[in-house]
Every structure is written in C-alpha cells, then in structure tokens.
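Please read the structure below before turning to the comments.
The values are calculated or read from the model by the stated rules, or taken from the named source; none is laboratory data. The structure presented is a predicted model; accordingly, all values stated were derived computationally and were not measured. For neighbour counting, all protein chains shown are included, and Cβ atoms are generated from backbone atoms with ideal geometry for every residue, glycine included. Side chains included, ligands, DNA and RNA excluded: accessible areas come from the protein's heavy atoms. Shrake-Rupley method; radii C 1.70, N 1.55, O 1.52, S 1.80 Å.
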Amino acid sequence: MIDKLLNKYKGMSLPLKLTMWIFICTCIQRGINIITVPIFTRLMSQEEYGQFSVFMSWQSIIEILVSLRLYAGVYNKGLNKYSDKMNEYALTMQYITTILTFILCSIYMIFRKQVESFTGLSTTITIGMFAELLLSTPISYWSIKERYKYQYKGFVIATIIFAIVNPIIGIIAVLSSDNKGEARIYALIWVQIIYGLIFYLINCINGKWKFNIEHAKFALIFNIPLLPHYLSEYILNSSDRIMIEKMQGYSYAGLYSVAYGMGMILTMLTTSINQALVPWMYQSFKHKKFEYVRKVTTAIGMILIIPLSIFIILAPEMINIFAGKSYAPSIYVIPPVCCSIFILFWYTICANIEFFYEKNKFTMYISIVGALCNIGLNYILIPKFGFVAAGYTTLISYMIYGIGHLLFSQIIFYKSEGRYLFSNRIYISQLFLIFSVSIVASFLYEFVLVRYILCLIIVIVIIYYRNIILSLIQMIRDNYK
C-alpha cells in the first residue's frame, strides 16, 4: 500500500503536489492554532485575549503602510513578468519595505503621544510592531517565490518550524507573566523578528544585494493605486474588533475575536487553494486554457460548501471545546463569518483575473465602498445589538465586495477574450445554498439533537452522491495540470 501511495505521489503533477503540500502546511498551522486557542483562552482573561486581538487588528492595518502589500497581487504578476530575475525582484520588494518601515517609524516617533492615545498601544509595543513587520515580510517574499517555482520542500520545512515555535514561546511567555496580554504580544514580536531576520539575509544573498529600479517602478506604479483597496480590505477584516473594543471594551472584543477566529479556521482551505491556484491560473490564462479555470473553480466552490456547512451547524460544540462555556454567546458570529469565507474564496479568484489583466482601478473603488459600509453599519448596529452584529455587518460588506468584483472581473474577461469566464447563475446558486444553511442553523443552536440529525443527513447525502463528488474531484485533478 505504501509503495502504491508513493508511486501515485510521484505520478502527480507539480501543481497538484504544491497544492497538497500547501494544504498540509496550512492544516498544520491552523491545527496548532486550534489546539492552542483553548490554552490561551483559559490562561488569559477575556480582556487580555481581547487586548492581543486588538493588537493584531492594528498590526494588520499598519502592515499595509509599511509593505504596500507588495507580496500580494503585484508580486505574483512580477514573478511572472520577470521570471528570469525572480531573486532580484524579491529583494527589490524587500528593500522598498525596509525604506517605508523606517520612514513610517520616524513619523510615528514625532506623533508618538497622539498615536498612542488613539490606538491604546504603548510606544514599546508599537516600535516592536514596526520591527516585526520589517522582518516578517521577507518570509512572504521568499515563500511565495518558492511556491511560484514549485520548490515546496524548503517552504514546507520553514512553515512547520515556525508553526511549532511561535505558539510554544507564546505559552511560555503567558505562563511567566502577570500581564498576560502584553506577554503574548511581545512573544509574537520576538519570534517574528528572529525568524524573519534569517529570511531577510537569505533574500539579500539570493538577490546578490541588488536593487532594480525597473522592478521597483513597476511594482509601485501597479500597487500604489491599490493601497486604498488593501487598507479597505484590512479595515473590513479588522475594524470590527477595534470598534467593539472602543464601544464595549476588551472583554467583548475577546468574545468576538474567538468566534471570528474559529470561523476563519476554514480559511486554511481557501488560502491554501488560492496560493496554489495563482501560478496555475496565470499559466492557464497565458495558454488560453479558460475552460480549465471555469471547471476547476466551480467544482472547488461546490465542494467548499460541505465543510463550511458542517462547521456552521456544529458551532456551539466548536466554541465550547476550543474556548469554553464563557464564550458561548459568540456562537452566533460563526454563521455570517463562514458565509463571508465563501464569498472571500470567489473574490480571490476574481482578483486573480483583475491582476493578470492589470485592470485594478475598480478594485480600489469597490473595496472603499465595502470598508465604509462596514464601519458605518458597525457604528449604528453594535451599540444596539452588541458584538454579534459585527459578524453580520462584515457579511453585508463582503457581499458588496464579492458581487462587485465578480461583475467587474466578468467585464474585464469579456473585453479581453470576447466571452464570460464564469456562470453568474452558478455563483448565485452556491451563495444561496450556504446562506440557507446559515439561517437554518442559527435557529437550531439550542436544539442539539436536531442539529446532529441535520449533520447526519448531510453525511448521508454525501455518501449517496459520492460518485458525483468523486467525479468533481477527478475533474479537478484532470484539469489542474
């Protein structure tokens, strides 16, 4: 059996191997996070956990300013454009991030007191955040480049080591300190700094310490118009926790963060899928294999609904196991978050199209609308309905976000290729299905037996239609080469 599995593995295409290993690494990362969540929620109070979550939210926003998210869409585009100078291109992006980090840190020091009163973060923590962001982005530049070249072995080893070390140091720090919120923050900062420094030097050596003006010009011209998009995207992801903390305190921010984090566990599926899909999609577009992309993405969307549905139905058990009964009020955040994950999957597919054809202006506009909608709805609804409302404001914003990008990417593709890539009817049908599960499950959380029967029905349906599901998986394998 082992020999058969090894032979089957050897016969897999590089894109499939990459997908498998990215998924394995993501599962390990998320799995360790899942295991450590119950530890941190029991070692830390809701207020301390909320303090750490709010720090992570501010970090996500500041990270955009120091990196311009050069490791995102433009990076994949650049690796494709400058395929003969990947190492040099990666190092140039790293140099830009370094310059921006020092500039913004200097500006922070001038307005330190004003920023500290607004964010609630001490000077020491904020400077540590800048150092961490400076040395964590090189990891992204290196790992994405390795994935793009289908050289996954080094990426796998590096990911697993970091996934193990980071929470261990965090637990030790929390156990050793009375101020557990700050201890968790400092542990994260120092692990990222030490680990990132290694990859900073690796990128310098691989790129032969060169700065390429052409690469820098291309990346900045491409990405600067996207800066409002990335800021809006992170505001959409992070403003909930910040606004809950400002309106209701750290404890409620902690409640929301646990549920949001639990719901976002399934992003390990969408993240690993998209990371592997990007180089494959670019190659497929380059060789005009559009039908492959349509079939594969549609099939993945259908299969993704299954784990999302089960996760939504079992939300009370998930929260109880991983956070404890004190976090039970947060279960109603999970259904809208899981629906948002599904929309986010389709958004990333659409964004890949926009970036490939270098049509990214609309991305900025729709992202700003989504972020403003999220902030406005949070401001109105959180005081009236509590922290749970933030989950639904996020979902509404993601709906605007996802539908806008779907329509725009369809227009781009039609103008470029004279046809539509996706079926809007299929997308809407998939969206309707996951929404229906969320609505039904939300009303059944107090009825344990009914929910278990519903899960059993889903399992029976999967078994009954297993041939169709297996044919979808086989179709993905046949086209994903």
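Between LEU277, LEU255, LEU236, which is part of a helix (DSSP H, G or I), open to solvent by less than 30 Å² (accessible area, probe 1.4 Å) and modelled with pLDDT of 75 or more? On inspection, the qualifying residue turns out to be LEU255. Filter segment 162-184 for residues that are under 20 Å from the mean Cα position of the chain (by Cα) and among the β-branched types (Val, Ile, Thr) and give the result. Within segment 162-184, ILE164 is the sole residue that qualifies.
Table: residues versus (1) under 21 Å from PRO225 (Cβ atoms); (2) outside any helix (DSSP H, G or I); (3) in contact (Cβ under 8 Å) with a residue 12 or more places away in the chain.
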{"position": "MET364", "(1), (2), (3)": "yes, no, yes"}
{"position": "ILE375", "(1), (2), (3)": "no, no, yes"}
{"position": "ASN378", "(1), (2), (3)": "no, no, yes"}
{"position": "PRO383", "(1), (2), (3)": "no, no, yes"}
{"position": "ALA390", "(1), (2), (3)": "no, no, yes"}
{"position": "GLY404", "(1), (2), (3)": "yes, no, yes"}
{"position": "TYR414", "(1), (2), (3)": "no, no, no"}
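You will find that of TYR195, TYR141, TYR186, the residue that is among the hydroxyl-bearing types (Ser, Thr, Tyr), open to solvent by 40 Å² or more (accessible area, probe 1.4 Å) and closer than 26 Å to ILE99 by Cα is TYR186 and no other.
Could you tell me whether segment 243-250 includes any residue that is over 18 Å from the mean Cα position of the chain (by Cα) and closer than 18 Å to THR137 by Cα? No - not one qualifying residue is present in segment 243-250.
Rundown of residues vs (1) open to solvent by less than 40 Å² (accessible area, probe 1.4 Å); (2) touching a residue at least 24 places away in the same chain (Cβ under 8 Å); (3) basic (Lys, Arg); (4) over 18 Å from TYR357 (Cα atoms), yes/no style:
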residue: CYS204; (1), (2), (3), (4): yes, yes, no, yes
residue: ILE213; (1), (2), (3), (4): no, no, no, yes
residue: ALA219; (1), (2), (3), (4): yes, yes, no, no
residue: PRO225; (1), (2), (3), (4): no, yes, no, no
residue: TYR230; (1), (2), (3), (4): yes, yes, no, yes
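Among the candidates SER67, SER117, the residue that is out of contact with any Lys or Arg (no Cβ under 7 Å at 6 or more places or on another chain), among the polar types (S, T, N, Q) and surrounded by fewer than 18 Cβ atoms within 10 Å (Cβ to Cβ) is uniquely SER117. Selection of segment 208-236 for residues being among the polar types (S, T, N, Q) and under 24 Å from THR393 (Cβ atoms) yields only SER232.
Out of LEU344, LEU304, LEU308, one residue alone is assigned to a helix (DSSP H, G or I) and at pLDDT 85 or above. It is LEU308. Of the numbered criteria (1) at pLDDT below 85; (2) touching a helix residue (DSSP H, G or I) at 6+ places or on another chain (Cβ under 6 Å), the one THR92 fails is (1).
Take the residues in segment 366-413 that are of a type outside the set (Ser, Thr, Tyr) and touching a Gly at 6+ places or on another chain (Cβ under 6 Å), then tell me which one is nearest to SER232 (Cα to Cα). Only one residue fits best here, namely ILE366.
Any residue in segment 211-230 that is in contact with a helix residue (DSSP H, G or I) (Cβ under 6 Å, 6 or more places away or on another chain), more than 21 Å from TYR82 (Cα to Cα) and among the hydrophobic types (A, V, I, L, M, F, W, C)? No, that holds for no residue. Taking every residue in segment 292-319 that is on the phi < 0 side of the Ramachandran plot and pairing it with any residue that is among the small types (Gly, Ala, Ser), at least 6 positions away or on another chain, the pairs with Cβ-Cβ distances below 7 Å are TYR292/SER284; VAL293/SER284; ILE312/SER438; ILE312/ALA441; ILE313/ALA441; ILE319/ALA259; ILE319/ALA328; ILE319/SER330.
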